[in-house]
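Below: one structure, written as C-alpha cells.
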Amino acid sequence: MVVETELELDDGAMDRIFRALADATRRDILRRTMAAEQSVSLLAAAYDMSFAAVQKHVAVLETAHLIVKRAEGRERLVRANPATIARARQLLGRYEELWRSRVDRLDALLAEGARDRVAPDERPAHTRPADTGTDTGTGSTDTRSTDPGFTDS
C-alpha cells in the first residue's frame, strides 16, 4: 500500500477519483466548477434529473476530494479542488511515461525482428549462415568411400 504524501495519492484515493470521473455528469459538474464556484441549485438546474440526484453526484466528487463544498447562508457552494486534480494528472503522467517507454521498447524489438527476417539472399555476405550443402572443394564431405558397407554399383 502506498502512503499518501503531499504529491502522492494512495490506492483508495485514486480509486475514488477515477470512479468519480467515470460518470459523464460528474465530469461535467467538475468542468463547470473549475470555471467558477457554483451553487448546487444552479448546478442541478442544468441537468434533467432531480436535485437529490445532483446532490449525490456532488457528494461522490466531494468524497474523492475533486471538489470542495462550503455553506454560505442557505446555499451550498461548490468549487473544484485543483490540488487533487493536479495530483491525479501527475499520476497519469507517470503512467503515460511508463507506457510510452514500453511501446518504444516494443518498437525497437519489432524493428530488430524485421531486420532478422530479411531474406537470406538479401543479407550481406558476412551475415549469411554457412552453406550446409556438399563441399565441392578439396576437402570433400562425401563419406561414401569411407563407409565400410558402401558399394558403388
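Points worth noting:
- Here Arg79 meets the list (1) within 21 Å of Leu9 (Cα to Cα); (2) in a helix (DSSP H, G or I); (3) not hydroxyl-bearing (Ser, Thr, Tyr) almost entirely, failing just condition (2).
- Check on Ala13, modelled with pLDDT under 95, small (Gly, Ala, Ser) and more than 16 Å from Ala59 (Cα to Cα): no
- Within the stretch 83-91, one or more residues are over 22 Å from the mean Cα position of the chain (by Cα) and free of Cβ contacts under 8 Å to residues at least 40 places away in the same chain.
- Candidates in the stretch 65-100 are the residues that are among the aliphatic types (A, V, I, L, M) and modelled with pLDDT under 95; of these, the one that is least open to solvent (accessible area, probe 1.4 Å) is Ala88.
- Residue in the stretch 33-52 that is open to solvent by 30 Å² or more (accessible area, probe 1.4 Å), in contact with a Lys or Arg (Cβ under 7 Å, 6 or more places away or on another chain) and part of a strand (DSSP E or B) present: no
- Selection of the stretch 17-29 for residues being under 19 Å from the mean Cα position of the chain (by Cα) and open to solvent by 40 Å² or more (accessible area, probe 1.4 Å) yields Phe18, Arg19, Leu21, Ala22.
The values are calculated or read from the model by the stated rules, or taken from the named source; none is laboratory data. Just so we're clear, the structure is a prediction, and the values are computed from it rather than from any experiment. Virtual Cβ from ideal backbone geometry, glycine too; neighbours counted across all protein chains shown. Please note that ligands, DNA and RNA were not included when accessible areas were found on the heavy atoms of the full protein model with its side chains. Shrake-Rupley method; radii C 1.70, N 1.55, O 1.52, S 1.80 Å.
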